[in-house]
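Undergrad: What follows is a structure written as structure tokens; I'll ask about it next.
The values are calculated or read from the model by the stated rules, or taken from the named source; none is laboratory data. Note that the structure is predicted; figures quoted are calculated from it, not measured. Reconstructed Cβ throughout: ideal geometry from the backbone, glycine too, with neighbour counts over all protein chains shown.
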Amino acid sequence: MIQAGDGSGAREDQPGPESRPRLGLTGFVSGMPTRELKPLDQQERKLLDQAVALLSGLRLAVLTGAGLSTDSGIPDYRGPQSVPRSPMTYQQFVGDEALRRRYWARNHVGWRHLRRADPNMGHEAVAQLEQRGLLSGLITQNVDKLHSSAGSTNVIDLHGTFDLVVCLQCSSAFPRARIAEILEDLNPGYLERESDAGDVAPDADAEVDDTAGFIVAPCPVCGGMLKPDFVYFGENVPKDRVADAYAMVDAAGGLLVAGSSLSVMSGLRFVRHAYKAGKPVVIVNRGWTRGDEFASLKVEAGVSEALSYLAERLPDLSQD
């Protein structure tokens, strides 16, 4: 298998990792990360104090979703302010050549059109919890790698990561930036013609209409079909990754969910698992989630604000 490089794809006119610490690798951010926390109201503080009381003395597993990355400028799919979207399914991608060509054309524009993302204060709060020894580990449904960029080390990227592309035939893996360069060579001038892309989705799907003549890059090794290395709708999370995530929850005394609507079973199953095991489950998310009925406590507050509050107030575990 070809091993991936750093996937940064930085150009001379873009600041590289050496000048921008914790540089994200997503390529689809639409704004700068939020560096100022909004004041919590009295009800939010009351609920978070209850969360501190409930979770104190416990080692936690943390499950995060797209709602955490919105403060880094990355849009989500199901938040209160999100635009209705119909993401491409795995079956559509592999089974329809025209849809696959449309996907790669729009993704190519989205990849280059938007800035890279940096972690926000919520990512940093989770990293602080890990550094203090309060976590059994972190499970994220996001593909943006911002947790790792913020300093978290024991991370399960449940749905994969956006900085890699894999071949479905020979299993070779490539940095997404390398595939972007190949796509530019195959489609000269395309980016310039479509530079005024409209809305961009969390998976870098840009609003581009002229995709009929776009040439899709084949695998540089075998000529097979390339696919971004993240789990599509309708595609299963690898079994070993799921088993590792279950083990992470089993090793914890409680589960903290942050920024996920839990609308898909890939994340909800861990909430159910913790609930059945009698572990406290705290969900931090604005709006309804599919896991609310299993929650010991639901906190409707800004995710970055809530995580920062908890990171400041959860006590270190007793050494007795």
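Yes/no matrix, rows are residues, columns are (1) aromatic (Phe, Trp, Tyr); (2) modelled with pLDDT of 95 or more; (3) out of contact with any strand residue (DSSP E or B) (no Cβ under 8 Å at 6 or more places or on another chain); (4) on the phi > 0 side of the Ramachandran plot:
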{"residue": "Asp229", "(1), (2), (3), (4)": "no, no, no, no"}
{"residue": "Asn236", "(1), (2), (3), (4)": "no, no, yes, no"}
{"residue": "Gly267", "(1), (2), (3), (4)": "no, yes, no, no"}
{"residue": "Val303", "(1), (2), (3), (4)": "no, yes, no, no"}
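Undergrad: Right, here's the next one. Looking at segment 80-108, which of the residues that are charged (D, E, K, R) and modelled with pLDDT under 90 is surrounded by the most Cβ atoms within 10 Å (Cβ to Cβ)?
TA: Result: Arg106.
Undergrad: May I pose another question? Does segment 211-252 hold any residues that are farther than 16 Å from Asn107 by Cα and more than 24 Å from the chain's Cα centre (by Cα), and which are they?
TA: Scanning segment 211-252 gives Cys219, Pro220, Val221, Cys222, Gly223, Gly224.
Undergrad: Still on this model: For Asp199, are the conditions met, namely being modelled with pLDDT under 90, more than 22 Å from Gln91 (Cα to Cα) and within 21 Å of the chain's Cα centre (by Cα)?
TA: It is true that Asp199 is modelled with pLDDT under 90, more than 22 Å from Gln91 (Cα to Cα) and within 21 Å of the chain's Cα centre (by Cα).
Undergrad: Provide a single number: the residues in segment 231-259 that are outside any loop (DSSP other than H, G, I, E, B) and buried (at least 21 other Cβ atoms within 10 Å of the Cβ).
TA: Within segment 231-259, residues that are outside any loop (DSSP other than H, G, I, E, B) and buried (at least 21 other Cβ atoms within 10 Å of the Cβ) number 8.
Undergrad: Continuing with this model, one more query. Name the one entry in Asp144, Asp157, Asp163 that is buried (at least 17 other Cβ atoms within 10 Å of the Cβ), modelled with pLDDT of 95 or more and under 14 Å from the mean Cα position of the chain (by Cα). Reasoning before the result, please.
TA: Working: Asp144 fails: modelled with pLDDT of 95 or more; Asp163 fails: modelled with pLDDT of 95 or more.
Going through Asp144, Asp157, Asp163 in turn, just one is buried (at least 17 other Cβ atoms within 10 Å of the Cβ), modelled with pLDDT of 95 or more and under 14 Å from the mean Cα position of the chain (by Cα): Asp157.
Undergrad: Then there's this: Could you run through segment 129-181 and say how many residues are assigned to a helix (DSSP H, G or I) and in contact (Cβ under 8 Å) with a residue 24 or more places away in the chain?
TA: Total meeting the criteria: 12.
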